[in-house]
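The values are calculated or read from the model by the stated rules, or taken from the named source; none is laboratory data. This is a predicted model, so every value here is computed, not measured. In this analysis, Cβ positions are derived from the backbone assuming ideal geometry, glycine residues included, and neighbour counts consider all displayed protein chains. Keep in mind that these areas ignore ligands, DNA and RNA; they rest on the heavy atoms of the full protein, side chains included. Shrake-Rupley method; radii C 1.70, N 1.55, O 1.52, S 1.80 Å.
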Amino acid sequence: MKHLLTVLFTILLLFTLSALAEGTTLERLPLNEFGRLVYSALGERGMLTDDLQRTFIETGCAPEDTDFDRFYVRDSFTVAVKAEDGAPGRIFTSFALEPALSYDADILALICAFDGQMNWLPVSVAVNNVGGINVIVTQEQAQVVAGAENAVFFLFHDPRLYESPLYRDVAFPPTGLDDIYTCSERGYDLFGTGQRAKKFTAKKYYEAWNKMILGHEDYVTRMDLGFSSDDQTVCSLYTFRSASAREDGPKIIIVSGQHGYEKAAPFGLYYFANDLLNNWENDSTLTYLHDNVTLLIMPLMNPYGFDNYVRFNANGVDLNRNYDVHFSLKNELSSGPEAFSERETRMVRGVVEKNLDALCLIDFHNYGWSDVRREPGDNIIWHSYTGRVEKDAYYGFFYSASERFVSEMVPYYEGQYRLREGSTYGRITTHTNKGGSLLRDWALSKDLMAMTFELPGGLPGEGVKIASTRVQRMNAEFFGNWLRIVLDTYAKWGRAE
């Protein structure tokens, strides 16, 4: 029914175009501070009040059966009315959008005009044949906008997130996750650096985790998954969950250490977890995680590679090429004789398949294992997705979280770690690795959102070649901030509680 109304409205726009006042235009301008403050203070629900919903319906700007709770701001910009001859008349205009809307998109439009008081003006809008929007502003509305100190156009869109197989009906308490998380740890010397870090064993690493969780049994539980491929070390799953966390609250699966020589990521993950256990009352990000979020952490899934400082497990298999999506025996890296041939990947599979209701899975790596000055600078922060992120609106928010992460954290990275400005330290890729069967791709085949998150194994110009204290701290802080931004992003699209 909505789609039929959209088509009829578009036809109506074409017939009424000639009757609209000539010489009056609605000019699109960059969003100003007023617009940002309005959205920050009110959000979608604060703007689309019950009274305004009735106005939308009574003025014919929305069908009677509209579910306004499903609409979110798709775009916003400042507008101004330009009238050539006297008082402004009715306005017909078109605005291009990037990316373009689909022809059957469900949209609403609202102008907020401030002239000493807030005027909320629902306007008629429809998708045009190039994926932009056609807009009609009545003469009365045009006069209000013309006399306003500030006017902002809000385009609302129902992205039909619930139609995505990746969608999770998650209850998010209000977040307040705006402040950058900084790790309170001061030493970063448990695992050593350089040759000491290289020789630090998987058994000692798991012993550190088991010692860390002592006294926190009401929050953390450990489940042993079995011996790794060398029969030397037991891999474990640590579940962080508060008694106050809702059953339908956010749950995130975290896997790290699939490539043995990537030690900075497991080290950083330990320091982040330690901070979550011991400093959660003093940091807004940690408080939110502690009280509301279930974290399923598999911190080191390749003990043999970790002990021997190699990429592969004891059978010479690259674990992140051993899953059953795009599996190939012709892979340039050893993928094993068949998918899930390795104990470690079967352990991961078992945990994931029991928790397919999770919001997402993060496969945590570090890029390289020493000084990255010989590598492209943008590899220091690398977010990797498949092309599905461009086609699925719900998954697409993950990508937008990555964009926010890079824009927020790169300036912090440059200042905190005193690195050169003007370089690009982050990249986001959207490709399918056809030469290898990644955990990310397999999880997506199970309709679980997933991505590969890579942080540095070393920093430019450092003398320490393996896991310096700075890089361990950076991995802890940046991983915590990635969780912060992911949760804050999806809380705006989830069910608020």
Q. In this structure, is ASP224 open to solvent by 60 Å² or more (accessible area, probe 1.4 Å) and on the phi > 0 side of the Ramachandran plot?
A. no
(Q) Filter region 116-149 down to the residues that are in contact with a Phe, Trp or Tyr (Cβ under 6 Å, 6 or more places away or on another chain) and surrounded by fewer than 15 Cβ atoms within 10 Å (Cβ to Cβ) and list them by number. (A) GLU149
Q | So LYS203, is it open to solvent by 10 Å² or more (accessible area, probe 1.4 Å) and out of contact with any Leu (no Cβ under 8 Å at 6 or more places or on another chain) | A | yes
Q: Collect the residues in region 90-115 that are in a loop (DSSP other than H, G, I, E, B), in contact (Cβ under 8 Å) with a residue 12 or more places away in the chain and either crowded, with 18+ Cβ neighbours inside 10 Å or under 31 Å from the mean Cα position of the chain (by Cα) (or both), keeping them in residue-number order.
A: ALA96, LEU97, PRO99, ALA100, LEU101, SER102, TYR103, ASP104, ALA105
Q. Residues in region 458-465: is at least one closer than 29 Å to THR345 by Cα, touching a Leu at 6+ places or on another chain (Cβ under 7 Å) and either assigned to a loop (DSSP other than H, G, I, E, B) or modelled with pLDDT of 90 or more (or both)?
A. no
Q | Unmet requirement for THR182, which otherwise passes all of (1) over 30 Å from LEU483 (Cβ atoms); (2) of a type in the set (Val, Ile, Thr); (3) crowded, with 16+ Cβ neighbours inside 10 Å | A | (1)
Q: Please find, among GLU454, GLU477, the residue that is modelled with pLDDT of 90 or more, open to solvent by less than 10 Å² (accessible area, probe 1.4 Å) and acidic (Asp, Glu).
A: GLU477
Q.
Looking at region 305-326, can you tell me whether even one residue there is touching a Cys at 6+ places or on another chain (Cβ under 7 Å) and open to solvent by less than 40 Å² (accessible area, probe 1.4 Å)?
A. no
Q. Can you name the residue in region 336-355 that is under 17 Å from TYR238 (Cα atoms) and assigned to a loop (DSSP other than H, G, I, E, B) and, of all such residues, is farthest from the chain's Cα centre (by Cα)?
A. LYS354
Q.
Quick test of your reading of the structure: ASP275 fulfils all but one of (1) open to solvent by 20 Å² or more (accessible area, probe 1.4 Å); (2) acidic (Asp, Glu); (3) farther than 21 Å from GLY226 by Cα; (4) at pLDDT 95 or above. Name the failing condition by number.
A. (1)
**Q.** Scan of region 9-50 for residues that are of a type outside the set (Gly, Ala, Ser), over 27 Å from PHE92 (Cβ atoms) and either modelled with pLDDT under 95 or in a helix (DSSP H, G or I) (or both), ordered by number
**A.** GLU33, ARG36, LEU37, LEU42, ARG45, ASP50
Q: Search region 167-190 for residues that are more than 29 Å from TYR413 (Cα to Cα) and pair each with any residue that is of a type in the set (Phe, Trp, Tyr) and open to solvent by 30 Å² or more (accessible area, probe 1.4 Å) when their beta-carbon atoms are under 8 Å apart and the residues are at least 6 apart or on different chains.
A: ASP169/TYR162
Q. Are any residues in region 444-453 within 18 Å of the chain's Cα centre (by Cα) and over 19 Å from TRP482 (Cα atoms), and if so, which ones?
A. LEU444, ASP447
Q) Are there any pairs, at least 6 apart or on different chains, whose C-beta atoms fall under 9 Å, with the first in region 244-268 and closer than 15 Å to ASP363 by Cα and at pLDDT 95 or above and the second part of a strand (DSSP E or B) and basic (Lys, Arg), and if so, which? A) none
Q: At least 3 residues that are under 30 Å from PRO174 (Cβ atoms) in each: list the helices (runs of 4 or more DSSP H) lying fully within region 196-294 that qualify.
A: 264-278, 284-292
Q. Given the structure, is ASP69 open to solvent by less than 50 Å² (accessible area, probe 1.4 Å) and within 26 Å of the chain's Cα centre (by Cα)?
A. no
Q. Could we say that PHE272 is in contact with a helix residue (DSSP H, G or I) (Cβ under 8 Å, 6 or more places away or on another chain) and over 23 Å from ASN355 (Cβ atoms) here?
A. no
(Q) Taking the conditions exactly as written (in contact (Cβ under 8 Å) with a residue 24 or more places away in the chain, over 15 Å from ASP363 (Cβ atoms) and buried (at least 18 other Cβ atoms within 10 Å of the Cβ)), does THR294 satisfy them or not? (A) yes
Q. Within region 136-151, is even one residue without any contact (Cβ under 8 Å) to a residue 12 or more places away in the chain and within 25 Å of LEU289 (Cα to Cα)?
A. no
Q | Only one of THR285, THR239 that is in contact (Cβ under 8 Å) with a residue 40 or more places away in the chain, in contact with a Ser or Thr (Cβ under 6 Å, 6 or more places away or on another chain) and either open to solvent by 10 Å² or more (accessible area, probe 1.4 Å) or polar (S, T, N, Q) (or both) | A | THR239
Q. Picking from LEU333, LEU329, which residue would you name as being under 14 Å from GLY260 (Cβ atoms), modelled with pLDDT under 95, open to solvent by 10 Å² or more (accessible area, probe 1.4 Å) and in a loop (DSSP other than H, G, I, E, B)?
A. LEU333
Q. Is there a residue in region 405-417 that is open to solvent by 40 Å² or more (accessible area, probe 1.4 Å), at pLDDT below 85 and closer than 16 Å to PHE453 by Cα?
A. no
